[in-house]
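Take a look at the structure below.
The values are calculated or read from the model by the stated rules, or taken from the named source; none is laboratory data. This one's a predicted model, so the numbers in the text were calculated from it and none came from an experiment. Virtual Cβ from ideal backbone geometry, glycine too; neighbours counted across all protein chains shown. All accessible areas refer to the heavy atoms of the entire protein, side chains included, with ligands and DNA or RNA removed. Shrake-Rupley method; radii C 1.70, N 1.55, O 1.52, S 1.80 Å.
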Amino acid sequence: MKYMGCVVSVALLWNSFSFAAVPAESKKATVSKVLSGQGISFGGLAGTGFTLLDLRRTSDTKKKVERVVIDVGDMNGAPLRGWPGYYFAELKKNPSRLVIDFAQMPNAHIDQGKIKNIMKNSLAVKTSTMSLDPVDSSLNLTLDLKQNTKVRVYQVAGKKQTSKVVVDFWVE
C-alpha cells in the first residue's frame, strides 16, 4: 500500500508539471518574473535533441544591466524554429549563483574557454562553468554572480532566427 501512495504522488507531481509547459501555439516570448535572492524559472519543449549554438553578452554599465542570449539549435546544430528545448534555471542565494540545466542537449558548438572569454568583463557574473553530461544528454551552465544581482530568464521562439533563452541581469 505504501508503494501505491508513492506512485500516486509521482503521478500528481508529473500532471501538475506537464501543465506548466508553454503552449506551442503561442507566438510571443514568455517573460518570467524577476528573481531576486533565490527562485526558479523554466520553459521550453521536449524534442529529439538540441545543440547550444552560441552565447552572446551585451551590457550597459551606466544602467548596470546586462543581457546574455543563448542560441539553441536542433540536434544537428541547425537553427531551431519554435520554442527552445526544455530548460530549468535556479537562482541560488548563498553563494549567489544561477544554474541553468538544459535537458536533451548533448551538443555544444562553443566550449568552456569561449564562454569564460565572453563573460570575462561581466557586470554580473564572476565566473562561469559549462558541463556536458553524456549519460543523460544534458548541458549545465553555472554562473557565479556578484552580490545583489537580480535575474530574469525567459525563452524566445525562433521565427526568422533560431530559438533562444535570454538571461537579463540587474546589478544593484
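Side notes on the structure shown:
- Cβ-based net charge around residue 92, under 15 Å, with every Lys or Arg adding one and every Asp or Glu removing one: +2
- In nm, spacing of pseudo-spin labels at residue 40 and residue 63 (7 Å Cα→C-beta vector): 3.1 nm
- Anisotropy class of segment 92-132 from Cα gyration tensor, a/c 1.5 cut: oblate
- Global form of segment 64-124, assessed from the alpha-carbon gyration tensor, a/c cut-off 1.5: prolate
- In order along segment 49-59, phi translates into HN-Hα couplings of x, 9, 10, 7, 7, 6, 9, 10, 10, 10, 8 Hz, rounded to whole numbers, per the Karplus curve 6.51 cos²θ - 1.76 cosθ + 1.60 with θ = phi - 60° and x for Gly and Pro.
- For residue 158, residues with placed amide H under 5 Å, excluding near neighbours: 82, 83, 163, 164
- In percent, rounded to a whole number, the relative contact order of segment 127-172 is 30, using alpha-carbon pairs under 8 Å and six or more apart.
- Förster radius 22 Å - calculated FRET efficiency between residue 137 and residue 78, Cβ distance, rounded to 0.05: 0.80
- Accessible surface calculations at 1.4 Å, restricted to protein heavy atoms, place segment 38-172 at 49 Å² per residue.
- For segment 38-99: relative contact order, % (alpha-carbon pairs under 8 angstrom, 6 or more apart): 42 percent
- Karplus-derived 3J(HN,Hα), 6.51/-1.76/1.60, for each residue of segment 71-78, Hz, glycine and proline x: 7, 10, x, 6, 4, 8, x, 8
- Each residue of segment 110-121 was assigned a 3J(HN,Hα) from its phi angle through the Karplus curve 6.51 cos²θ - 1.76 cosθ + 1.60 (θ = phi - 60°); the sequence is 10, 10, 4, x, 5, 5, 4, 5, 5, 8, 3, 10 Hz, with glycine and proline shown as x.
- Three-way shape call for segment 126-172 based on the alpha-carbon gyration tensor, with the a/c threshold at 1.5: oblate
- Long-range amide H partners of residue 45 with built H, under 5 Å: 85, 86
- Count Lys and Arg as plus one, Asp and Glu as minus one, and take only other residues whose Cβ is under 10 Å from that of residue 171; the net charge is then +2.
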